[in-house]
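Student: Quick one: structure below, then a few questions.
The values are calculated or read from the model by the stated rules, or taken from the named source; none is laboratory data. Computed from a predicted structure; not experimentally measured. Cβ atoms come from the backbone with ideal geometry, glycine included; neighbour counts cover every protein chain shown. To get the accessible areas, we keep the full protein, side chains included, count just its heavy atoms, and leave off ligands, DNA and RNA. Shrake-Rupley method; radii C 1.70, N 1.55, O 1.52, S 1.80 Å.
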Amino acid sequence: MVKRAAMLSVSLFFSSSSSSHLLFLSKTLTKRTCFSSLVTMSINLNAHAFAGNPIRSKTPKAHDPLSPSSAFQSLKTHLLQNPETTSLPPPPKSPLFKVLPFRKGRPLASSSITGNNDDDVPSWHLGWISLPDCKYFLGKCGVDLTEDSLVYLGSKVEDDVVYWAVDVSGESRLVPELGDNQFCFVELRTLMVATDWSDSIAMGELAIAGHARALLEWHNLSRFCGHCGEKTIPKEAGRRKQCSNESCKKRIYPRVDPVVIMLVIDRENDRALLGRQSRFVPRMWSCLAGFIEPGESLEEAVRRETYEEAGIEVGEVVYHSSQPWPVGPSSIPCQLMVGFFAYAKSLEINVDKEELEDAQWHSREVVRKALAVAEYKKAQKTTAAKVDQMCKGVEKGRSLSADFNVESGELTPMFFPGPFAIAHHLISTWANQGVPTDGVEASSKQPSSSISNL
């Protein structure tokens, strides 16, 4: 089974002695009450990175001009028109169409700086282009834009706009053409790190890009029917596909792969189990994680993955929140990370070296200190500057671990995924349990553990 490990665990430990069990249960209930309030607070606030897509909160009814079916019909009419050879007016009640090109999983982006101060940080934007401009750029490359190459993303009623995505991976001549207009195709992971998590508009654009990438990658993976092997054709403005074989006509829908990700906590609620994979950059630790198997509940997956990867037995499992994760390998277009706190029933670690490089218990004090000194904001600003340089035609490489230096310039002994990942919020929620979020240290050195600050 394909696995995606990250590292953390929580567990409920039962003593063989009835008296010691009652004493432990009393302590656990006291801690659990405070801990549960943190969990509840997190999931009632704003969304994780890649969630909270502003253009797909509601799907319009079929008769609505902004609905997938109506917009698709209007799109076909627009594409049939040639402004150089026809004087036909646009279709009645036709919305404005904006298109987001992708190349090899990378969305088109631009960058700008607002303000005149030297310390102003650039911000990236999705490279939306109008439908006529999209036809023009592709036409210069000898490619005709067709309705089946466009995928419906959503709409904004207040602006009367419908948004589409298109994969232009085969058109290398577009890169310099768009580059002359200071556009650039940027890795979605890079945009993720470059996003200011306190900027709701930027987070919304990241969510749109994630949704678009997941759909386009799924289209690339589902070109043929898995039942009969014939070609598939897009349906419902690209929101599903169907086998072209008249005797088959199998319907195919976008794929979502659910993954459990858990912070495992010891019986005293004082230590968390963190692990690292060999592919991690030096000093990076995270939560344990793994794909759900067929016929398995979420809680069972948490217990199985924790035992397989670290040899730790888990008892109670508490839900925290979930996050779409469209930045995995292209063979897995969109994972859904389902986050939990897991209470350990055992403490002895037995690492599966095929899954993890290492796994260790870390005290709350050590984890809290690592969160306090890691320069997540510095990493965001550095990456935003990198995107700006890329859009201007200049790209500078930088080591990821260097982005998490402490202020003295020394590398941190350990750090965790940034606020763009659910792992960060599982770890920080536990580490900052009982710590005021309005303190000077918490506000100046790290994001709040609550998702509302994303």
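Student: Counting only residues that are over 19 Å from the mean Cα position of the chain (by Cα) and open to solvent by 40 Å² or more (accessible area, probe 1.4 Å), how many does segment 316-343 have? Spell out the reasoning first.
Tutor: First pass over segment 316-343, keeping only residues over 19 Å from the mean Cα position of the chain (by Cα): 316-318, 341-343.
Now drop any that are not open to solvent by 40 Å² or more (accessible area, probe 1.4 Å), which leaves 316.
Of the residues in segment 316-343, 1 are over 19 Å from the mean Cα position of the chain (by Cα) and open to solvent by 40 Å² or more (accessible area, probe 1.4 Å).
Student: Can you tell me which residue within segment 187-196, out of those that are more than 12 Å from the chain's Cα centre (by Cα) and surrounded by fewer than 23 Cβ atoms within 10 Å (Cβ to Cβ), is nearest to ILE252 (Cα to Cα)? Working first, answer last.
Tutor: Going through segment 187-196, the residues more than 12 Å from the chain's Cα centre (by Cα) turn out to be 187, 194, 196.
When the remaining residues are screened for being surrounded by fewer than 23 Cβ atoms within 10 Å (Cβ to Cβ), the result is 187, 196.
On the way: GLU187: 27, ASP196: 36 Å.
So, considering only residues that are more than 12 Å from the chain's Cα centre (by Cα) and surrounded by fewer than 23 Cβ atoms within 10 Å (Cβ to Cβ), the one nearest to ILE252 (Cα to Cα) is GLU187.
Student: For segment 156-177, does any single residue satisfy the condition of being assigned to a helix (DSSP H, G or I), modelled with pLDDT of 95 or more and surrounded by 15 or more Cβ atoms within 10 Å (Cβ to Cβ)?
Tutor: no
Student: Could you tell me whether segment 200-221 includes any residue that is part of a loop (DSSP other than H, G, I, E, B) and surrounded by 15 or more Cβ atoms within 10 Å (Cβ to Cβ)?
Tutor: Looking through segment 200-221, none of the residues is part of a loop (DSSP other than H, G, I, E, B) and surrounded by 15 or more Cβ atoms within 10 Å (Cβ to Cβ).
Student: Which count do you get for residues in segment 284-293 that are closer than 20 Å to LYS369 by Cβ and in contact with a Leu (Cβ under 7 Å, 6 or more places away or on another chain)?
Tutor: Here the count works out to 3.
Student: Let me ask something else. Using the structure shown, decide if SER123 is surrounded by fewer than 14 Cβ atoms within 10 Å (Cβ to Cβ), closer than 22 Å to ASN181 by Cβ and either modelled with pLDDT of 85 or more or touching a Gly at 6+ places or on another chain (Cβ under 9 Å) (or both). Steps first, answer last, please.
Tutor: Values: surrounded by fewer than 14 Cβ atoms within 10 Å (Cβ to Cβ): no; closer than 22 Å to ASN181 by Cβ: yes; either modelled with pLDDT of 85 or more or touching a Gly at 6+ places or on another chain (Cβ under 9 Å) (or both): yes.
No.
Student: Next question. For residues in segment 414-431 being part of a loop (DSSP other than H, G, I, E, B) and touching a strand residue (DSSP E or B) at 6+ places or on another chain (Cβ under 8 Å), which is nearest to ILE261 (Cα to Cα)? It would help to see each step written out before you state the result.
Tutor: Quick first cut of segment 414-431, residues part of a loop (DSSP other than H, G, I, E, B) only: 414, 416-421.
Among the residues that remain, those that are also touching a strand residue (DSSP E or B) at 6+ places or on another chain (Cβ under 8 Å) are: 414, 416-417, 421.
Numbers: MET414: 20, PHE416: 14, PRO417: 13, ALA421: 11 Å.
Checking each candidate, the answer is ALA421.
Student: When residues of segment 220-235 are filtered for being more than 26 Å from the chain's Cα centre (by Cα) and polar (S, T, N, Q), how many remain?
Tutor: Final tally of qualifying residues: 1.
Student: Please work out if LYS231 is at pLDDT 95 or above, open to solvent by 50 Å² or more (accessible area, probe 1.4 Å) and basic (Lys, Arg).
Tutor: It is true that LYS231 is at pLDDT 95 or above, open to solvent by 50 Å² or more (accessible area, probe 1.4 Å) and basic (Lys, Arg).
Student: Does segment 182-195 include one or more residues that are small (Gly, Ala, Ser) and part of a loop (DSSP other than H, G, I, E, B)?
Tutor: No, the conditions are met nowhere in segment 182-195.
The rows are residues; the columns are (1) under 20 Å from the mean Cα position of the chain (by Cα); (2) in a strand (DSSP E or B); (3) not aliphatic (A, V, I, L, M).
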{"site": "ARG255", "(1), (2), (3)": "yes, no, yes"}
{"site": "PRO258", "(1), (2), (3)": "yes, yes, yes"}
{"site": "LEU274", "(1), (2), (3)": "no, yes, no"}
{"site": "SER278", "(1), (2), (3)": "no, no, yes"}
{"site": "PRO282", "(1), (2), (3)": "no, no, yes"}
{"site": "GLY295", "(1), (2), (3)": "no, no, yes"}
{"site": "ARG304", "(1), (2), (3)": "no, no, yes"}
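Student: If we scan segment 344-366, do we find a residue that is closer than 18 Å to ILE427 by Cα and under 24 Å from the mean Cα position of the chain (by Cα)?
Tutor: Taking every residue of segment 344-366 in turn, none turns out to be closer than 18 Å to ILE427 by Cα and under 24 Å from the mean Cα position of the chain (by Cα).
Student: What is the one condition in (1) under 22 Å from PRO326 (Cβ atoms); (2) over 20 Å from the mean Cα position of the chain (by Cα); (3) not aliphatic (A, V, I, L, M) that ASN181 does not satisfy?
Tutor: In the conditions (1) under 22 Å from PRO326 (Cβ atoms); (2) over 20 Å from the mean Cα position of the chain (by Cα); (3) not aliphatic (A, V, I, L, M), ASN181 misses (1) alone.
Student: Just the residues that are part of a loop (DSSP other than H, G, I, E, B) and either in contact (Cβ under 8 Å) with a residue 40 or more places away in the chain or surrounded by 18 or more Cβ atoms within 10 Å (Cβ to Cβ) (or both), please, taken from segment 344-365.
Tutor: Within segment 344-365, LYS345, SER346, LEU347, ILE349, ASN350, VAL351, ASP352, GLU355, LEU356, GLU357 meet the criteria.
Student: A further question follows. Take the conditions under 30 Å from ALA207 (Cα atoms) and of a type in the set (Gly, Ala, Ser) and apply them to GLY315. Does it pass?
Tutor: Spelling it out, it is not the case that GLY315 is under 30 Å from ALA207 (Cα atoms) and of a type in the set (Gly, Ala, Ser).
Student: Step by step: first the residues of segment 234-274, then only those that are surrounded by fewer than 24 Cβ atoms within 10 Å (Cβ to Cβ) and on the phi > 0 side of the Ramachandran plot, then the one that is modelled with the highest pLDDT. Which residue is that?
Tutor: LYS249
Student: Yes or no: ARG304 surrounded by 15 or more Cβ atoms within 10 Å (Cβ to Cβ), within 30 Å of THR429 (Cα to Cα) and free of Cβ contacts under 8 Å to residues at least 24 places away in the same chain?
Tutor: When the stated conditions are applied, ARG304 passes them.
Student: If you don't mind, there's one more thing I want to ask. Which of (1) at pLDDT 90 or above; (2) under 12 Å from SER155 (Cα atoms); (3) not assigned by the TED database to the domain that holds CYS134 does PHE97 not meet, given it meets every other one?
Tutor: So PHE97 meets the others, but not (3).
Student: Now for a separate question. Which pairs have Cβ atoms under 8 Å, sit 6 or more apart or on different chains, and link a residue in segment 375-393 that is without any contact (Cβ under 8 Å) to a residue 60 or more places away in the chain and closer than 16 Å to GLY179 by Cβ to one that is in a helix (DSSP H, G or I) and open to solvent by 10 Å² or more (accessible area, probe 1.4 Å)?
Tutor: Final answer for the pair search is none.
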